[in-house]
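The block underneath contains the structure these notes are about, expressed in structure tokens.
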Amino acid sequence: MNFETLSTGVGRNIRDWRKQRKVSFVTLAQKARIGKGTLSQIENGGNPCLSTLVKICNVLRITLDELLLQ
């Protein structure tokens with residue numbers, strides 16, 4: 001698996017978990033204390049840093065493993 005495929009998969013997983021948890025895009029960005037532009041880039045295959053992924057996981061109440069291995 002290459003890096004681009006991994007980034008796209010992580011973004012898709014975040015979107016899937018967000019919808020499953022019924023958390024809006026804006027709410028996730030606010031509660032994770034990240035910009036809406038940043039979240040949009042991540043959900044669309046951008047390159048997130050680990051600390052941002054941890055913040056997102058905390059809001060969605062999932063582990064980093066759950067996010068990455070879905």
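Assorted remarks:
- Qualifying residue in the range 2-9 (condition: over 18 Å from residue 64 (Cα atoms) and modelled with pLDDT under 95): yes
- Filter pass, residue 40 being modelled with pLDDT of 95 or more and in contact with a Gly (Cβ under 9 Å, 6 or more places away or on another chain): yes
- Of residues in the range 28-41 being more than 12 Å from the chain's Cα centre (by Cα) and free of Cβ contacts under 8 Å to residues at least 12 places away in the same chain, the one farthest from residue 11 (Cα to Cα): 30
The values are calculated or read from the model by the stated rules, or taken from the named source; none is laboratory data. Just so you know, these numbers come straight off a predicted model, no measurement behind them. Please note: Cβ atoms are built from the backbone with ideal geometry, for glycine as well, and neighbour counts cover all protein chains shown.
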